[in-house]
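The numbers here are math on the coordinates, done by the rules we state, and not lab data. Computed from a predicted structure; not experimentally measured. FYI the Cβ positions are ideal-geometry reconstructions off the backbone, even for glycines, and counts take in every protein chain you see.
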Amino acid sequence: YNPWYTAYFFVTGKNLSGKAFLPKEKKISREKALELMTQGSAWFTKDEDVKGSISVGKFADFILLSEDFLTIDENKIPEIRSVLTVVGGNVVYADKEFKKLAPKPFEILPNWSVYK
């Protein structure tokens with residue numbers, strides 16, 4: 001699931017095919033969309049004490065994005081990707097200029113299951 005599809009819908013009121021579903025007055029700002037996707041999601045799962053914002057005592061989970069969500073052309077929002085994902089203070093995904101930080105791939109077990 002790509003969360004940027006949701007952000008695109010919030011901001012533009014359109015589905016991924018470009019069809020408008022929301023009237024102009026129902027669309028929300030990028031800032032509000034980001035708030036709903038972070039703090040709002042944490043509230044919904046009753047995890048607001050441990051996630052949803054960057055605060056002392058909360059999990060050290062964050063992403064660095066391929067583009068600036070606040071300034072990218074709204075039609076390109078679905079194309080945003082993580083180039084660095086950190087969960088619990090550990091890098092779990094890295095791409096592009098952060099590739100050297102990527103964790104080693106999991107070993108495939110048992111060995112007989114590896115296609116050769």
Can you give me the distance in nm between label points at E48 and N15, each placed 7 Å from the Cα along the Cα-to-Cβ direction? 3.2
Sorted largest first, the C-alpha extents of the chain along its principal axes in whole angstrom are 57, 39, 27
For a quick check of your reading of the filter: which chymotrypsin sites (Phe, Trp or Tyr not before Pro) in region 1-100 sit in a DSSP loop and have no more than 13 other Cβ atoms within 10 Å? Y1, F21
Nearest 20 debye, what's the magnitude of the dipole of the chain about its Cα centre given +1 on Lys and Arg Cβ and -1 on Asp and Glu Cβ? 320
Give me the extension gain from I72 to S41: residue separation times 0.36 nm, minus the current Cα-Cα distance, reported in nm with one decimal. 8.9 nm
Taking θ = phi - 60°, what integer Hz values does the Karplus form 6.51 cos²θ - 1.76 cosθ + 1.60 yield along region 41-53, in sequence order, with x for Gly and Pro? 5, 5, 4, 4, 8, 6, 10, 5, 7, 10, 7, x, 7
Kindly provide the helix-only [θ] at 222 nm of the chain, computed as the sum of -39,500 (n - 2.57) over DSSP H runs of four or more divided by all residues, to the nearest 500 deg cm²/dmol? -4000 deg cm²/dmol
Take the residue pairs K46/K100; K58/K99; K51/K104; K76/K96; K46/K76; K58/K104 and return only those whose Cα atoms are more than 28 Å apart. K46/K100; K46/K76
Using modelled amide H (1.01 Å from N, peptide plane; none on Pro or chain starts), what sits under 5 Å from the amide H of Y93, excluding residues fewer than 5 places away? T85
Just going by the charge dipole of region 33-116, with Lys and Arg at +1 and Asp and Glu at -1 on Cβ, which of I80, L36, F98 is farthest out on the positive end? F98
Tell me whether region 50-106 comes out rounded, prolate or oblate; compute the Cα gyration tensor, take square roots of the eigenvalues as a ≥ b ≥ c, and use a/c under 1.5 as the rounded threshold. oblate
Length gained, A60-N2, 0.36 nm per residue minus C-alpha separation, equals 18.8 nm
